[in-house]
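Written out below as structure tokens is the structure these notes cover.
The values are calculated or read from the model by the stated rules, or taken from the named source; none is laboratory data. Everything quoted here is computed from the prediction, not taken from an experiment. Note that we place each Cβ from the backbone using ideal geometry, even for glycine, and neighbour counts take in every protein chain shown.
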Amino acid sequence: MVRVYVIRNPGGAPVSVEISGHSNFAPHGSDIVCAAVSMLTQTIIFAIEDLLQMDSGAVVEEGYVQLTLPSNVEPNRKEKLLLLVETLLLGLKETKNAYPDFIQYSEERKPGEK
């Protein structure tokens, strides 16, 4: 199963996204669920790096991605960064809705002031 774990700050903005595991929907090389998750994730990482000219800071390994958003980003770029990450999360949630037995999605909000 693919596990997606999102941490949001008290205001609701994502601060980290962790994606791990394999869906086991189909044999390696034919697994459309893993392919969808992988392409969504990689596209957003590429967009952060190429379009926003930012270091994504992503840790990418076989069956694992950790994306931690930087906190010291100028407001205009921060807005674009958040839009890209929310787009990733929307795509992951919709993929989970289409294949609920193969993706687990959870979010946690950090306590504190907004």
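Numerical summary
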| read-out | value |
| --- | --- |
| Meets criteria (basic (Lys, Arg) and under 16 Å from the mean Cα position of the chain (by Cα)) for Arg77 | no |
| Hey, Leu81 over 17 Å from Arg3 (Cα atoms), touching a residue at least 40 places away in the same chain (Cβ under 8 Å) and either touching a strand residue (DSSP E or B) at 6+ places or on another chain (Cβ under 9 Å) or not β-branched (Val, Ile, Thr) (or both) or not | no |
| Looking only at the range 72-108, and only at residues there that are modelled with pLDDT under 95 and outside any helix (DSSP H, G or I), the one that is surrounded by the fewest Cβ atoms within 10 Å (Cβ to Cβ) | Asn72 |
| Residue within the range 35-52 that is on the phi > 0 side of the Ramachandran plot, part of a loop (DSSP other than H, G, I, E, B) and more than 13 Å from the chain's Cα centre (by Cα) present | no |
